[in-house]
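What follows is a set of notes on a single structure, which appears directly below.
The values are calculated or read from the model by the stated rules, or taken from the named source; none is laboratory data. What you are looking at is a predicted structure, and each value in this text was computed from that prediction instead of being measured. FYI the Cβ positions are ideal-geometry reconstructions off the backbone, even for glycines, and counts take in every protein chain you see.
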Amino acid sequence: KIKACIFDLDGVIVDTAVYHYQAWKRLANQLGFDFTEHDNEQLKGVSRVRSLEIILAIGGVTKAEAEREELATLKNTWYVDMIGKMTPDEILPGAKEFLIACRDAGLKTALGSASKNSMMILDKVGITDLFDAIVDGNKVSAAKPDPEVFIKGAAELGVEPSECVVFEDAIAGVEAGKNGGMKVVGIGQPEVLTKADIVLTGLDKMTLDLLDTL
Ligand code: B16
Ligand code: MG
């Protein structure tokens, strides 16, 4: 019996990937190379530090650890400037409605995100109150596909992993949910999220009835 839903943030609740992309592109350009939207796909669900490593590899640039930290911080300053201007109309279609439906039905809700900026984003779009637990990049040490973020979410909600459904848009995130022993609803394309139990184009296609079929 499903008792809880755990949601990824970027790509499921909001589309912050566009802001990550703009900030990373600005950094890449400053370092003397370009960074395309296609390259950006590789960064979805990936931590900030790992994202930078991927970008430097794309540009064929090597930087010492201390400078990498400075560059990641610089990117984050630009990113935070952008998400600071986010508004409630940036919530993806159906996300808020499904969160409310879950809670009305007595299901617990948690956030399971790699982002260290998740609190600010939830606050700006005005949905912090719709989560019973928030587990993000500040609370976990192992990145997806490690299930840590979702296992912690289940623990904070006081439910078993097998009683949880995870909503994820990234391949590594879907794997993290499956590695944690949870049901996974992929948000995106079935050809990409092959390990998900079902794949939908967005939370606007999700219903409480579908939960029971997983
Ligand atoms: P930050 P998610 C992830 O969010 C993003 O998909 C990924 O692109 C980003 O690098 C990561 O958060 C870390 O974000 O720099 O804000 O700590 O999909 O796990 O909600
Ligand atoms: Mg995501």
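Below is a table of values for the structure above.
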quantity: Criterion: surrounded by fewer than 17 Cβ atoms within 10 Å (Cβ to Cβ), away from ligand 1 (no atom under 14 Å from the Cβ) and of a type in the set (S, T, N, Q) - qualifying residue of 77, 87; calculated: 87
quantity: Condition met for residue 134 (buried (at least 18 other Cβ atoms within 10 Å of the Cβ) and of a type outside the set (Asp, Glu)); calculated: yes
quantity: Among (1) touching a helix residue (DSSP H, G or I) at 6+ places or on another chain (Cβ under 6 Å); (2) over 20 Å from residue 196 (Cβ atoms); (3) of a type outside the set (Lys, Arg), the one test that residue 156 misses; calculated: (1)
quantity: Residues satisfying the stated conditions in the range 179-194, i.e. in contact (Cβ under 8 Å) with a residue 24 or more places away in the chain and farther than 16 Å from residue 44 by Cα; calculated: 179, 180, 181, 182, 183, 185
quantity: Residue count, the range 162-193 (criterion: of a type in the set (A, V, I, L, M) and on the phi > 0 side of the Ramachandran plot); calculated: 0
quantity: Within the range 1-53, tally of residues that are among the aliphatic types (A, V, I, L, M), touching a Leu at 6+ places or on another chain (Cβ under 9 Å) and at pLDDT below 95; calculated: 1
quantity: Boolean, residue 176 is outside any strand (DSSP E or B) and surrounded by fewer than 24 Cβ atoms within 10 Å (Cβ to Cβ); calculated: no
quantity: The range 6-55: number of residues that are more than 12 Å from ligand 2 (Cβ to nearest atom) and more than 13 Å from residue 113 (Cα to Cα); calculated: 30
